[in-house]
Amino acid sequence: MKIVIAGAGIGGMIAAERLSKLGFDITVFELAPSVDEMRYDWHDDVNPSVFKRLGLEMPEGSFKKKSWTFVSPHGAVVREFRQDEATADWSVERRPLNRMLYERAAAAGAKFVFGAKVERPVVEKGSVVGVVVDGKEERADLVVDSLGVDSPVRKDLPSEFGVSQHKENEVFVAYRAFYEKNADAPAPKYTNKVYLKHMGNAGISWVIQDNDPDLVNVLVGRVGSLSSYDLEVAIGDLRKTNPTIGQKVVRGGGLYTIPVRYPATRMVANGYAAIGDAAFMTIPMLGSGIATSMLAGQLLAETVGENLSRGVKKEDLFKVSRLWRYQVKVFREFGAVHCAVDVLKRGVLNFPDATLDWMLGSQVLTNEEIGCLAAGKMLRVGAKEAIRKIKVTEGSRLRTLIKVNNLLQKSLMAYRLARNIPRNYDPNITRTWEANLKRYFKR
């Protein structure tokens, strides 16, 4: 049986390797001219536990992250997060990671076609039966969509399939560049600075100087859109407090669109499965998605392998009722947590700037809680900690604390509902679950 993987994303390449080992005929179509010319010429943070779980070595050039420093919207408050070195994330270079995953998939038997543009799906009788690549139909028993947040395959699926699409306020438009370091500037006091709602805008910026002595890692990201004017103003503002940012861009320098929302409530259909950014698997607070995409690639292959071992007929192997178990695995592994984090993210973006100043500057947030936010994890507050927060809160801020508590409770309820995803696929039960979950993300 033939499987087409549209796009050589991180999760797509993991799936290509693992599905090849199950005996499937795998072809990966990728727009980039070669594996070493794929997008994202930078490093991203990943917890090393995912590499251990998947039996992979950390790519060459990886290094342990230092602790973060958070800056409130207009720079009034700076708060350091003291990281636990034993559980710290590592920064992983994307291109060495791409090459490692490509070589493993190719060695397992997957075929790669570079310089190939996947244009749309081919749909017949309620099933995806292939894709159109450079004007030519490529038939397949299963299409794995690894084409990113704006996947043309996902966008052109019939609406009756119910596959999730995103809204404008559910993407993060980010400028990412590595600037030549200004050698004449004094050494920075803080090496990893994250600006929350930078200049009062919905989004974040950062300035990182933690590994390469000659480069400064700069990001400016905004929810929905980022104009050239707003980008210029933001970079100018960052230079005021980070004089190490030079004028020359050495790496990166482009605009990139990343999902920052809860995972797709429908990421499978007959003959179709979405993975990575195409299924909105990034951490909603941060936009980081390497670890989750890698894990999803393994979960998809596991699901298919389990169906094979149960003796599922070939003609039923890639029906939505059989692929649904892949989505269940995703939501129980990390999707439910991402739902909870998305509730927090939306709430934080709606907080007044003064509220964020207070939360960062007071003792209401513990170091552990800041660490959870930095890692894109959900927050849970026990009764003892809740009492402590009330004691350290000024009377005038108690109303704000109540709003924060209500947000945490809403986040927890979203987590519980998401984790309670129907175990087996039933159209009516699934639609009800989706509708109930979506109510938490209307704003």
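The values are calculated or read from the model by the stated rules, or taken from the named source; none is laboratory data. The structure presented is a predicted model; accordingly, all values stated were derived computationally and were not measured. Ideal geometry is used to build each Cβ from the backbone, glycine not excepted, and the neighbour counts take in all protein chains shown. In case anyone asks, the SASA skips ligands and DNA or RNA and just uses the protein heavy atoms, side chains included. Shrake-Rupley method; radii C 1.70, N 1.55, O 1.52, S 1.80 Å.
Within the span defined as the stretch 36-50, one or more residues are crowded, with 23+ Cβ neighbours inside 10 Å and within 18 Å of the chain's Cα centre (by Cα).
A residue that is more than 21 Å from Thr257 (Cβ to Cβ), open to solvent by 40 Å² or more (accessible area, probe 1.4 Å) and either of a type outside the set (Asp, Glu) or assigned to a loop (DSSP other than H, G, I, E, B) (or both) occurs nowhere in the stretch 161-177. Inspection of the stretch 372-381 finds no residue satisfying the criterion of being crowded, with 20+ Cβ neighbours inside 10 Å and either among the hydroxyl-bearing types (Ser, Thr, Tyr) or more than 25 Å from Met413 (Cα to Cα) (or both).
Is there any pair linking a residue in the stretch 331-359 that is free of Cβ contacts under 8 Å to residues at least 24 places away in the same chain to one that is open to solvent by less than 10 Å² (accessible area, probe 1.4 Å), with Cβ under 9 Å and at least six apart or on different chains, and which? From residues that are free of Cβ contacts under 8 Å to residues at least 24 places away in the same chain, the pairs are Ala354/Pro73.
Residues in the stretch 387-443 that are in a loop (DSSP other than H, G, I, E, B) and of a type in the set (A, V, I, L, M, F, W, C): Val392, Ile421.
Within the span defined as the stretch 7-23, one or more residues are in a loop (DSSP other than H, G, I, E, B) and over 30 Å from Val250 (Cα atoms).
For the condition in contact (Cβ under 8 Å) with a residue 12 or more places away in the chain and exposed (fewer than 14 other Cβ atoms within 10 Å of the Cβ), what is the one hit in Arg423, Arg397, Arg419? Can you show your working first?
Numbers: Arg397 fails: exposed (fewer than 14 other Cβ atoms within 10 Å of the Cβ); Arg419 fails: exposed (fewer than 14 other Cβ atoms within 10 Å of the Cβ).
Selected residue: Arg423, the only one of Arg423, Arg397, Arg419 that is in contact (Cβ under 8 Å) with a residue 12 or more places away in the chain and exposed (fewer than 14 other Cβ atoms within 10 Å of the Cβ).
I'd like to check something: does the stretch 207-226 contain any residue that is farther than 18 Å from Thr282 by Cβ, surrounded by fewer than 15 Cβ atoms within 10 Å (Cβ to Cβ) and without any contact (Cβ under 8 Å) to a residue 40 or more places away in the chain? Scanning the stretch 207-226 turns up at least one residue that is farther than 18 Å from Thr282 by Cβ, surrounded by fewer than 15 Cβ atoms within 10 Å (Cβ to Cβ) and without any contact (Cβ under 8 Å) to a residue 40 or more places away in the chain.
Hey, could you check the stretch 66-116 for residues that are in a loop (DSSP other than H, G, I, E, B) and among the hydroxyl-bearing types (Ser, Thr, Tyr) and say which is surrounded by the most Cβ atoms within 10 Å (Cβ to Cβ)? Even if it seems obvious, please write down each step before you answer.
Taking the stretch 66-116 and keeping what is in a loop (DSSP other than H, G, I, E, B), we get 66-68, 72-77, 81-84, 88-89, 109-110, 115-116.
Within this subset, residues satisfying the condition of being among the hydroxyl-bearing types (Ser, Thr, Tyr) are 67, 72.
On the way: Ser67: 18, Ser72: 22.
Among those residues, the one meeting the criterion is Ser72.
Within the stretch 27-43, can you find the residues that are of a type in the set (Asp, Glu) and in contact with a helix residue (DSSP H, G or I) (Cβ under 7 Å, 6 or more places away or on another chain)? Correct list: Asp36, Asp41. Checked against the criterion of being part of a helix (DSSP H, G or I) and buried (at least 17 other Cβ atoms within 10 Å of the Cβ), the candidates Phe331, Phe318 yield just one match: Phe331. Does the stretch 294-314 include one or more residues that are without any contact (Cβ under 8 Å) to a residue 60 or more places away in the chain, in a helix (DSSP H, G or I) and crowded, with 22+ Cβ neighbours inside 10 Å? Yes: one or more hits.
Candidates Glu119, Glu137, Glu57: the one that is of a type in the set (Asp, Glu), outside any strand (DSSP E or B) and surrounded by fewer than 17 Cβ atoms within 10 Å (Cβ to Cβ) is Glu57.
Give the stretch 1-35 a look and list any residue that's open to solvent by 60 Å² or more (accessible area, probe 1.4 Å) and out of contact with any Phe, Trp or Tyr (no Cβ under 9 Å at 6 or more places or on another chain), or say none. Step through it out loud before you land on a result.
From the stretch 1-35, those open to solvent by 60 Å² or more (accessible area, probe 1.4 Å) are 1, 21-23, 25, 31, 33; that's our starting set.
Within the stretch 1-35, Lys21, Leu22, Gly23, Asp25 meet the criteria.
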